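Heads up: the structure comes next, in structure tokens.
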Amino acid sequence: MIKVLFVCLGNICRSPMAEAIFRDLVKKEGLVDQIEVDSAGTGDWHIGRPPHEGTQKILTKNNISFEGMKARQVIANDLENFDYIIAMDSSNVGNLNKIFMNEKTGKVQRLLDLVDGSKILDVPDPYYTGNFDEVYELVSNGCQRLLDVIKKENLLVKGEI
Ligand code: 4NP
């Protein structure tokens, strides 16, 4: 099982959106038996809360489920537990480095670094900008690219166990 963790600051806007979008892609590709998806925040303010209303709205509009999702905080053990730890922006990467005590595993990557030629490398925080549409476009692109990378790196084929 390949384990993917999306990370942002609060785990209510961007990373739950990425988790829901990525899980939807994994399902459509027939890879649910091979890829597990989760998300977490580096901050603790929203632990236990469902995704932000703006994230809920855009996911619903795009027919993507966020059922049962609740915010949690990143823990040091996540570094061991997950294969791909995907941060939404560079400040998330900095916070993760602190939580993971600067251990260099190559597991932590910034989502939009995976998108060739992307002019925007940090997913803007819609908690402050209010622009959930822009975030949805950026995160969708990044998630599609991430799935391509994971399939390639792990030689995944639809329906295989
Ligand atoms: P997120 O957005 O990191 O995309 O979930 C935020 C949510 C809450 C806060 C900051 C960012 N906050 O400061 O409470």
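Spacing of the modelled spin labels on Lys28 and Lys57, each 7 Å from Cα toward Cβ, amounts to 2.3 nm. Computed about its Cα centre, the charge dipole of the chain is approximately 80 debye, with only Lys, Arg, Asp and Glu carrying charge at their Cβ. The residues of the chain expose on average 52 square angstrom of accessible surface per residue, using a 1.4 Å probe on protein heavy atoms. In region 65-161, with Lys and Arg counted as +1 and Asp and Glu as -1 at Cβ, which of these residues, Gln144, Val93, Ser118, has the Cα nearest the positive end of the dipole, that is, farthest along it? Checking the options against the dipole of region 65-161, the answer is Val93. From the square roots a ≥ b ≥ c of the eigenvalues of the alpha-carbon gyration tensor of the chain, which class results: rounded (a/c under 1.5), prolate (a/b over b/c), or oblate? Taking the square roots of the gyration eigenvalues as a ≥ b ≥ c, the chain is rounded.
Taking 0.36 nm per residue of sequence separation and removing the Cα-Cα distance, the Asp133/Met101 pair yields an extension gain of 8.1 nm.
State the percent of C-alpha pairs, over all pairs in region 70-161, separated by a distance greater than 17 angstrom. The proportion of pairs with Cα distances above 17 Å equals 57 percent.
This model, with +1 at the C-beta of Lys and Arg and -1 at the C-beta of Asp and Glu, gives region 116-157 a dipole about its Cα centre of some 220 debye.
The values are calculated or read from the model by the stated rules, or taken from the named source; none is laboratory data. The structure presented is a predicted model; accordingly, all values stated were derived computationally and were not measured. We place every Cβ from the backbone using ideal geometry, glycine too, and count neighbours over all the protein chains shown. Note: areas computed on protein heavy atoms with side chains; ligands, DNA, RNA excluded. Shrake-Rupley method; radii C 1.70, N 1.55, O 1.52, S 1.80 Å.
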